[in-house]
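Everything on this sheet refers to the single structure shown next.
The values are calculated or read from the model by the stated rules, or taken from the named source; none is laboratory data. Bear in mind that the values here come from a model prediction, so they are computed numbers and not experimental data. Glycine also receives a Cβ, built like all others from the backbone with ideal geometry; neighbour counts cover every protein chain displayed. Areas reflect the complete protein model, heavy atoms only, side chains present, ligands, DNA and RNA absent. Shrake-Rupley method; radii C 1.70, N 1.55, O 1.52, S 1.80 Å.
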Amino acid sequence: MKNLLLAVLAVAMSCTLLHAQEAPMQTILQEQSALILDNSRRTVAPAIAAVSDSGLPQAQDVLQAWQAKNLWQRSADRLFFRGEKVEGKTYALYDFDSGEVVGEAPSSELKQIKPNSGIRALIGSALVRFQLQDPDPKRRLAALTSVQRNPSAEVLPSLRESLAEESDPEILAMKQRAERLLTMAYDADEDQRIAAMSEMSGDLGVDVRATLNPMLSTRRAVFEGPPPDTLNIPETLVPGETIGVTEAYDTLVAANLVPARVTADEVRNALAEHIVGGTVGGVPVHRLDDPDIRLQAYAALAQEGKVPPAPDTAQIAQALAAHSFVKVYLEPSARVTDAASEALDTIALTVGANQTFDLILDGLSLTSIYFLAAIGLAITFGVMGVINMAHGEFIMMGAYTGYVVQQIVPNHTASILLAIPLAFAVTFAAGVLMERLVIRWLYNRPLETLLATFGVSIALQQLAKNIFGTQARPLTSPSWLDGAWVINDVVAISYIRIAIFVLAVFFLCVYLFIMRRTRLGLETRAVTQNPSMAASMGINLNKVNMMTFGLGSGIAGVAGVAIGLFAKVTSELGSDYIVQSFMTVVVGGVGNIWGTLAGAAMIGFLQKGIEWFNPSNTLAAQTFMIVFIIMFIQFRPRGIIALKGRAAGD
Amino acid sequence: MQRAYQGRNRSTAIFLLLLAVFTLVVTLLSEGVGIGMVSTSFVKTLGKTLCLALVAISMDLVWGYAGILSLGHFAFFGLGGYMIGMWLMYERTREIVVTSLADAPIPPTAQEVSDAVANQIFGVVGTAEFPLIWTFADSLFAQLLLVVLVPGILAGVFGWLAFRSRVAGVYLSILTQAMTLALSLYLFQNDNGLRGNNGLSGLQNIPGLTEVPQALVSVWFFWGAAFALAAGYLLSVWVVSGKFGSVLRGIRDDEARVRFLGYPVEAYKLVLFAGTACLAGIAGALYYPQAGIINPAELAPIASIYLAVWVAIGGRGRLYGAVIGAGFVSLVSSWFTGGQAPDVPLGFYTIKWVDWWLVVLGLSFVLVTLFAPKGIGGLFDLLERRIAPDRHGADLGPDQGALREKEASE
Amino acid sequence: MTTLLEVSGVSVSFDGFRAINNLSFQIGAAEMRAIIGPNGAGKTTFMDIVTGKTKPDEGRVIWGERSLSLLGLSEARIAREGVGRKFQKPTVFEDQSVQENLLMALKDRRGPFSVLFYRPQRAHLARVAELANEIGLSDQLRRKSGELSHGQKQWLEIGMLLAQEPRLLLVDEPAAGMTPAEREHTTSILVEAAKTRAVVVVEHDMEFVRRLGCKVTVLHEGSVLAEGSLDHVTANKEVIDVYLGR
């Protein structure tokens, strides 16, 4: 009673002391003083609204001070000020209306308003309105970001209000988008919400889906008898079919409708606690290794009242039959949920189409990698009939060449441009050396070539380990290859993969040029078709074999640089690609570059396709791919593009 | 009457005699039974080597005799190991679980035991349920059967698919390598029911024999491996010395000709491929209890290629060659990579064999292929002054291109 | 005379080139036939079709009393039906002894399991010895066939063919690289064989064909140009054009 009197007195005093025209904000604060001092989340809203709706420029200051716990009330005259610490426990007091310091006071003469977190959040929402219209675009943007992060119904009017004032077109677009999203979620008018949803239903943005999805969130509810019609129910759950029996019963237990189940563990523990003289509930302990007998013993204990009774199967079934289980939308309006799920369906369709496109891009990039890795092999295996198991190690040599060049030439662009021809040269030389020393002694003995080149492969791999160590070495791409070309929220492709695609096309052209337009190509084709005839025409078989092998190995080296850019350079780099490369050549059809391309495309797209079904498991994708290839060979033993007739031999 | 087929009785007898003597000597020197000069771990190494010799024999049958360069036989070996490993691991874990649950106030139900075993075995891959493929893991007999059946059926299905579409030569080699890669990638997956890359472990603890020291168990396994090698060798000699062997070598040398004689070449290849896969599975089932652990890395394609290397170095096309190759290369390899070989100081650089052994092996393999295609076994021919005709000496025909194709199908 | 093999309307082409063009051919159960023709006439391809090595694009190949179609059967199955083939180049298993070669060819069950449990019986060895005697290799039974001379390899291959006991023998240039005496012997073996089975001989050597004294079929560009006795066909103007025109 005394307090009330004092409050009335204070209001009366302030009215006499202040003129509303001179200090409008202070007047409002005094009007709301009771609510402000009450400091309760449930009642404070009108006070905040009064300040923020006052239309006064000072409103933002007040709210900010209030939120930051800088709002102080002078005990003497009950006026509100913004307090700023001067020294010790002395505070400078700023008047909100004039913005000037009106005095200093020790904290003992002041009362700090300490809003709790709930109130601060309310103030925050009210502040958004001012921040969204702040003259500084950065602050507007920050406010918008916070709206996007913590959307709520309260900010919607403020957001709409700020649209008209917005001058920056970018921010305006963002604000409009945020407004649509908030309308979908929070507008009081159902029609508005549904209209917004259909408007946004073609949009691929993750934010649209993130806004729509919660609208369709459900809870599980249980009713005795049929559920009431008033609820928005998408699905009725049938125990044993759409919901597990145990799960359904546990739902009943959670709703306190039935006694709890007793799990097998609880039965065992309860029995263990009640062993008396070697028996439990009349059953000897040694017989308790059978679950049925355990239940009997437990039932006996329950009869004695020592343990809570366990519902048996019949009781559970009865309880389930007596109740209906439903999913209930948290959103009460069926029209809204229907519109939301329709919008989501439309979006899913668009997303699907874009994902397919993305998958095609992925497949294309994998295709170019496999093609690059296999093209050298296609030359040595396809054109010369030589199996080079060390092909993978040539790829590795190329990658290490790139690494070494980068140690010497620090500029990444220059070093890559230097590394590509150098890698070609190094592996070309290695290939020619191997052809001279090993392979030419083994022509016409393919299995032995396979084994001998495998020996070379072991030696080269271990040699690389001895020189460069076992840890992965980095081959850094130039900065202009970093990043990705982002087409929309779903489709993106990294520049490095585009570069590899370009490289693959380039080498396809180089191959075609060499084979069709140069002397070497002519001679190679002649040797491939009929070596003895070619020799009798004056073609130097040794030279042609040497050059072809060198060319195949050199391209492997360049592929190594390309692969090194996105994979780690280790001594095992090559062996990771060798089987896939062989598969590419075999699946494509030996002796034909287009076959190799087709093989690479098939393997690349297949692997990406399988990965799409099970994205978490690339191992499974590779397994299935190989199994598929083994099956494929059944139907086209000579590959996709096969030579026909006598020329192919038997 | 002349003998119809030139059996290799003399080399078989010598081989068996040497194996018996070797077994006896190792037994007498072992820790478990004899005077203890040979450590238990070395007995295990020798026992494992005998198993490798057995799988090398199976490789020699397919490659040396029938000309099918399979790059998948070590995968069959590993599968055999996995099959026996499942029983060993299940039964051993069950023993431990039963022992620990015996202290509980209430005797465990069968379900509780099974759950606890599953939890022990599969906790590491985040599940606690027995996958379907462990259905028979509680039965030694069933798993022993699977040791033979699983590799045999896999090889059978693969071989049927490959041979019926006439995939041969290097194509077949690459396809078998792809099969091996697929299998090892599959085994690397954690959700495949075989503990992913953790593999199966603790296989050296034989259920029911916990009281027996490893020194003794190792000798028993050594005997088992020696017996299996002797039996496998005899079986292989029997297979290759008769008409079947004659047909196999015919397939190796001129597949089309054998076909025109009326022999269903594909069926022969299939029987041999699947049969040797079973043999490889048995070898693996004896190997991995001695090794103690099996994981998917054991089945990687490289292992199957090494198998081909052993047979090539030992001398393919003769059974004792395969045994020599497997024994020699694997023992020498473990000597060099085990750090026992002394380093070679060159002043400016010290050759550490641990690092350089593979380089030497790879290069010597190239040299063997180039200069000694008969491998170590060829030395015995020199001893006997037995010089075989040069099969490749005949004229190459009018068109060398045609020859390449023909040889490719060898 | 019953027809053993009937080839009718068979065509096959390789990459657009018609190797066999609407070829029809018949042979009886016990008949000798010589096929002559210039290079590229389709002689070898004809044999490939009959033995199942090449699948024709169209036409029929009918075999035996039961009128079995040979198309779609595997080479091994056709061989088991009784078609034996001798290649131009002697193809014997050089790594194996003469006896092993002959035993492998000897008519018997061919399945892998029956072969696995096969152990040569006295009768089989006796038959091998008999064959070896016939082809003059009795002393060479234990030798590796790779060590034999070119002519001996030809003999061995003929012996292997006889061991197969085929109902139809397809022989590609049997006399190539043989001495006159060896040719004589070959002729007598083939003539003898033709008494109980069909024999088709592809040969360039007219003298050899004359000695066989049988009906001759002339192939040209994948089809039959003329058929009849050697004198008859050599008098044919078209045949003369084809041979001399080359």
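Using mean Cβ contacts within 10 Å as the protection proxy, how do A:337-344, C:152-159 order, highest first? Please list the in-between numbers first.
Values: A:337-344: 19.4, C:152-159: 24.0.
The peptides rank, most packed first, as C:152-159, A:337-344.
For every helix of n ≥ 4 consecutive DSSP H residues, a contribution of -39,500 (n - 2.57) applies; sum these over the protein assembly as shown, divide by its total residues, and give [θ] at 222 nm rounded to the nearest 500 deg cm²/dmol.
On the way: 51 runs with 761 residues, N = 1306.
The helix-only estimate for the protein assembly as shown comes to -19000 deg cm²/dmol at 222 nm.
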Subject >> ³J(HN,Hα), Karplus 6.51/-1.76/1.60, whole Hz, each residue of segment A:75-89, x for Gly, Pro >> reply: 4, 5, 10, 6, 7, 9, 9, 8, x, 9, 5, 9, 7, x, 10
**OP:** For every other residue with a beta carbon closer than 14 angstrom to the beta carbon of B:ALA225, add +1 if it is Lys or Arg and -1 if Asp or Glu, then tell me the sum.
**Re:** +2
Subject >> Inter-label distance for B:SER100 and A:LYS85, nm, one decimal - labels placed 7 Å from Cα along Cα-to-Cβ >> reply: 5.7 nm
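Count of lysine pairs in chain B with Cα atoms under 24 Å apart, counting only pairs 8 or more residues apart in sequence or on different chains? Let's see the in-between values first.
Values: B:LYS243/B:LYS269; B:LYS243/B:LYS374; B:LYS243/B:LYS406; B:LYS269/B:LYS374; B:LYS269/B:LYS406; B:LYS374/B:LYS406.
The result is 6.
Suppose accessible area is computed on protein heavy atoms with a 1.4 Å probe; arrange A:THR313, A:THR263 from highest to lowest.
On the way: A:THR313 115, A:THR263 50 Å².
I get A:THR313, A:THR263, largest accessible area first.
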Original post:
Under a straight-distance cross-link criterion of Cα-Cα below 17 Å, which lysines are reachable from C:LYS43, leaving out those fewer than 8 residues away in the same chain?
Top reply: C:LYS53, C:LYS55, C:LYS86, C:LYS89, C:LYS215
Subject >> Under 17 Å from C:LYS237, Cα to Cα: aspartates and glutamates that are on another chain or at least 8 residues apart >> reply: C:GLU221, C:GLU227
**OP:** Sort out for me the Cα centre separation of segment A:596-636 from segment A:527-555, rounded to whole Å.
**Re:** 34 Å
Original post:
Classify segment A:351-648: rounded, prolate or oblate, from the alpha-carbon gyration tensor (a ≥ b ≥ c, eigenvalue square roots; a/c under 1.5 rounded; otherwise prolate if a/b is larger than b/c)?
Top reply: oblate
**OP:** With all protein chains present, calculate the accessible area of A:THR242 using a 1.4 Å probe and round the result to the nearest 10 Å².
**Re:** 80 Å²
Subject >> Residue mean of other protein chain beta carbons inside 10 Å, A:500-512 >> reply: 0
**OP:** May I ask for the net charge around C:ARG211, where only other residues with Cβ less than 11 Å from the Cβ of C:ARG211 are counted and Lys, Arg are +1 while Asp, Glu are -1?
**Re:** -2
Original post:
Hey, got the average number of other protein chain Cβ atoms within 10 angstrom for residues in B:180-188?
Top reply: 5
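Averaged over peptide A:529-541, how many Cβ atoms belonging to another chain are found within 10 Å of each residue's Cβ?
Details: counts 1, 4, 5, 7, 3, 2, 1, 0, 0, 0, 0, 0, 0.
Mean number of neighbouring Cβ atoms from other chains: 2.
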Original post:
Amide H of B:ILE351: which non-local residues (sequence gap of 5 or more, or other chain) have their own amide H closer than 5 Å, using H built in the peptide plane?
Top reply: B:VAL344, B:LEU346
Original post:
Which value, in Å² and to the nearest 10, is the accessible area of B:LEU363 when all protein chains are kept and the probe is 1.4 Å?
Top reply: 90 Å²
Original post:
Got the relative contact order for segment A:267-353 handy, in percent, Cα pairs under 8 Å and 6 or more residues apart?
Top reply: 17 percent
Original post:
Over the heavy atoms of A:PHE507, what accessible area does a 1.4 Å probe trace out, to the nearest 10 Å²?
Top reply: 20 Å²
Subject >> Difference of contour (0.36 nm per residue) and Cα-Cα distance, C:LYS55 to C:ALA235 >> reply: 61.4 nm
Subject >> In degrees, nearest ten, helix A:206-215 long axis to first principal axis of chain A (Cα) >> reply: 50 degrees
**OP:** Can you pull the one-decimal nm distance between simple spin-label points at B:ALA372 and B:LEU346, each 7 Å off the Cα toward Cβ?
**Re:** 2.3 nm
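Taking the mean number of other Cβ atoms within 10 Å as a proxy for protection, how do you rank B:25-34, B:279-288, C:31-40 from highest to lowest? Before the final figure, lay out each step's value.
Working: B:25-34: 17.6, B:279-288: 29.0, C:31-40: 19.6.
Per-residue Cβ counts within 10 Å, averaged per peptide and sorted highest first, yield B:279-288, C:31-40, B:25-34.
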Original post:
In whole angstrom, how far apart do the alpha carbon centroids of segment A:160-200 and segment B:279-312 sit?
Top reply: 66 Å
Original post:
Out of C:SER138, C:SER114, C:SER24, any idea which swings most in a Gaussian network model of chain C, alpha carbons joined below 10 Å?
Top reply: C:SER114
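Counting only protein chains, not ligands or nucleic acids, how are A:GLU247, A:GLU241 ordered by accessible area (probe 1.4 Å), most first? Don't skip to the end; give the middle numbers.
Details: A:GLU247 90, A:GLU241 150 Å².
Largest accessible area first, the list is A:GLU241, A:GLU247.
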**OP:** Report the full-extension gain for the segment A:GLN318 to A:ASP207: residue separation times 0.36 nm, less the Cα-Cα distance, to one decimal in nm.
**Re:** 35.4 nm
Subject >> Degrees separating the helix A:117-131 axis from the principal Cα axis of chain A, which is the longest one >> reply: 70 degrees
Subject >> Rounded to the nearest 20 debye, dipole of chain A from Cβ charges on Lys, Arg, Asp, Glu >> reply: 3160 debye
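Suppose every K and R has +1 on its Cβ and every D and E has -1 on its Cβ; what is the size of the dipole of segment A:44-112 about the Cα centre, in Debye to the nearest 20? Each step should come with its number before you reach the end.
Working: 7 positive and 10 negative charges, 67 e Å.
In debye, rounded to 20, segment A:44-112 gives about 320.
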Original post:
Gaussian network model of chain B, Cα springs within a sub-10 Å range: biggest mean-square fluctuation belongs to which of B:VAL309, B:VAL113, B:VAL359?
Top reply: B:VAL359
**OP:** Can you spot the lysines whose alpha carbon is less than 18 Å from A:LYS89's alpha carbon? Ignore those fewer than 8 places along the same chain.
**Re:** A:LYS69, A:LYS111, A:LYS114
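Take every Cα pair under 8 Å in chain A that's 6+ residues apart, average their separations, divide by the length, and report that relative contact order as a whole percent. Don't skip to the end; give the middle numbers.
On the way: 882 pairs, mean separation 81.5, N = 650.
With pairs under 8 Å counted, the relative contact order is 13 percent.
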Original post:
Okay, which of segment A:528-555 sit inside 20 Å, backbone N to the point 7 Å along the Cα-Cβ direction of A:PHE513?
Top reply: A:547-555
Subject >> Within a Gaussian network of chain B (alpha carbon springs, distance under 10 Å), most fluctuating of B:LEU216, B:LEU71, B:LEU61 >> reply: B:LEU216
**OP:** Considering Cα pairs under 8 angstrom that are at least six residues apart, work out the relative contact order of segment B:9-300 and quote it in whole percent.
**Re:** 39 percent
Subject >> Inter-label distance, nm, simple model (7 Å from Cα along the C-beta direction), B:ARG166/A:THR618 >> reply: 3.9 nm
Subject >> FRET efficiency, 1/(1 + (r/R0)^6) with R0 25 Å, evaluated for A:LEU35 and A:GLU161 via beta carbons >> reply: 0.55
Subject >> Gap separating the Cα centres of segment B:110-187 and segment A:469-502, nearest whole Å >> reply: 38 Å
